[in-house]
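These notes concern the structure reproduced below.
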Amino acid sequence: MEKENMYCGVDLHYGKSSFCFVDDKGKMKDFQEINTTKEAIKGLLGKCRDYQVNYAFEAGGMARYFYKIVQGMNNTEKVHVVHPYKFKIITESKNKNDKEDSKKLAKALQKDYLPYPVHIKSDKSRSLQIFLGIRKRMVLTRSKIMNQAKSITRSLGIKSNTKCIKTDKGFSKLIALLKEHNFEQKIIKELHAEFNIETKKIEGIEDRIKDQIMEDNEFKTNYGLLVTIPGIGFVGAATILSVIDNVSRFNTAGEYSSYCGLVPSEHSSGNKIVHGRITKEGPTNLRTVYIQAAWSIVRYRKSSDDLRLNKLRKKFYRISIKGKNSQRAVVAVARHLSRITFGVLKHQKEYCGNNLEENKTQAC
């Protein structure tokens, strides 16, 4: 005998969480508030063994924890993770409390009008994301050290730019220029020592990121494909892997570009169609990778890869001259790079760039 469906809306919190259960007709069957522990959650949901349970809850700090619990239960039919800012019935409600929030989630799930679900990453992508977050913090710390050194030397009338102090050798040259300024020289030496410590930390975390990628065959293969795309290096490829998890969850290149937030917004009424700025939806770090890659293609002049880069540069110049807007042209190149990424990962082929139209077709 086929089990009946039960719809469970959950308002998750670190201390206590609210569970609202409704049936196929949208009638509330039960409401419970329990401690957010694995034992308490399994104890409550175990009472629903006679039903096929569908879950809806908002993305947040506890979402991954709860997702892994319910995914492991035999009677779980569907798990829908809701973007908190896209489900406006809760965010704009004038009667907002835990019971009402969980009830609204359950009824919206039962009626199937929840927004597109948030993707919960695999453990390997999550690990990669954590490593990249640690690296970003270290890079920011090192940048602050470099900027402080630059500020001190400029106050003495000594010209120095960030490029000069990006290396151990550059710092040593800067220290030599301060032989007549004992106090400032001592401070710069201390900053130099801090710079070297942070650099070693960054190198260490980058080695761990590489190991994480090489330990997984799928990551290893996809990483090798991604670095064939112009402008995408080690950090860019690792970031793409950590964010998209599996490219098969996107049906088309346009859908992937939309996820990156690189497609123009649309404001249409009747026969009038107006395209605005890019939507900026999706992960900021993924969009940043493509924007930075596009700028590197446009600005970097000396390259042994001119055949592929020139085609992307022509796209930039054609759009920038036509619209007199270099930023818009860079976004167009970034969007094209995202489409190339989809094609490369979807078809498991390196990007050759011999024929621009062929690559467009392959990426779509």
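Here is a yes/no grid of residues against (1) within 25 Å of the chain's Cα centre (by Cα); (2) modelled with pLDDT of 95 or more; (3) assigned by TED's automatic domain parsing to the domain that holds Ser143:
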| position | (1), (2), (3) |
| --- | --- |
| Ile175 | no, no, yes |
| Gln185 | no, no, yes |
| Thr199 | yes, yes, yes |
| Ile209 | yes, yes, yes |
| Pro230 | yes, no, no |
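Check every one of the helices (runs of 4 or more DSSP H) wholly within the range 59-156 and list those with 1 or more residues that are at pLDDT below 90.
Working: elements: 63-71, 88-91, 98-111, 123-154.
Once the helices (runs of 4 or more DSSP H) in the range 59-156 are filtered for at least 1 residues that are at pLDDT below 90, what remains is 88-91, 98-111, 123-154.
Is it true that some residue in the range 175-195 is in contact with a Leu (Cβ under 6 Å, 6 or more places away or on another chain), of a type outside the set (Phe, Trp, Tyr) and free of Cβ contacts under 8 Å to residues at least 12 places away in the same chain? Yes: one or more hits.
Taken over the range 13-49, the criterion of being touching a residue at least 40 places away in the same chain (Cβ under 8 Å) and in contact with a Leu (Cβ under 7 Å, 6 or more places away or on another chain) is satisfied by Phe19 alone.
Go through the range 174-194 and count every residue that is assigned to a helix (DSSP H, G or I), out of contact with any Ser or Thr (no Cβ under 9 Å at 6 or more places or on another chain) and of a type outside the set (S, T, N, Q).
Going residue by residue through the range 174-194, those that are assigned to a helix (DSSP H, G or I) are 174-176, 182-194.
Cutting the leftovers down to out of contact with any Ser or Thr (no Cβ under 9 Å at 6 or more places or on another chain) gives us 175-176, 182-183, 185-187, 189-191, 193.
Okay, now just the ones that are also of a type outside the set (S, T, N, Q), so 175-176, 183, 186-187, 189-191, 193.
Result for the range 174-194: 9.
State which residue pairs qualify: first residue among the β-branched types (Val, Ile, Thr) and inside the range 304-323, second residue modelled with pLDDT of 85 or more in any location, beta carbons under 7 Å apart, and separation of 6 or more residues or different chains. If the second residue must be modelled with pLDDT of 85 or more, the pairs left are Ile319/Arg328; Ile319/Ala329; Ile319/Ala332. Based on what the data block shows, is Thr252 under 19 Å from Tyr351 (Cβ atoms), assigned by TED's automatic domain parsing to the domain that holds Asn310 and either touching a helix residue (DSSP H, G or I) at 6+ places or on another chain (Cβ under 7 Å) or among the aromatic types (Phe, Trp, Tyr) (or both)? No, not satisfied.
Results for (1) of a type outside the set (Phe, Trp, Tyr); (2) modelled with pLDDT under 90; (3) surrounded by 13 or more Cβ atoms within 10 Å (Cβ to Cβ), shown as yes or no for each residue.
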{"site": "Ala293", "(1), (2), (3)": "yes, no, yes"}
{"site": "Ser296", "(1), (2), (3)": "yes, no, yes"}
{"site": "Leu312", "(1), (2), (3)": "yes, yes, yes"}
{"site": "Arg318", "(1), (2), (3)": "yes, yes, no"}
{"site": "Ser338", "(1), (2), (3)": "yes, no, yes"}
{"site": "Glu357", "(1), (2), (3)": "yes, yes, no"}
{"site": "Thr361", "(1), (2), (3)": "yes, yes, no"}
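Checking every residue in the range 57-74 against the condition of being exposed (fewer than 15 other Cβ atoms within 10 Å of the Cβ) and acidic (Asp, Glu) gives zero matches.
The values are calculated or read from the model by the stated rules, or taken from the named source; none is laboratory data. Here the structure is a predicted model, which means the values were calculated and not measured. Glycine gets a Cβ as well: all are built from the backbone with ideal geometry, and neighbour counts include every protein chain shown.
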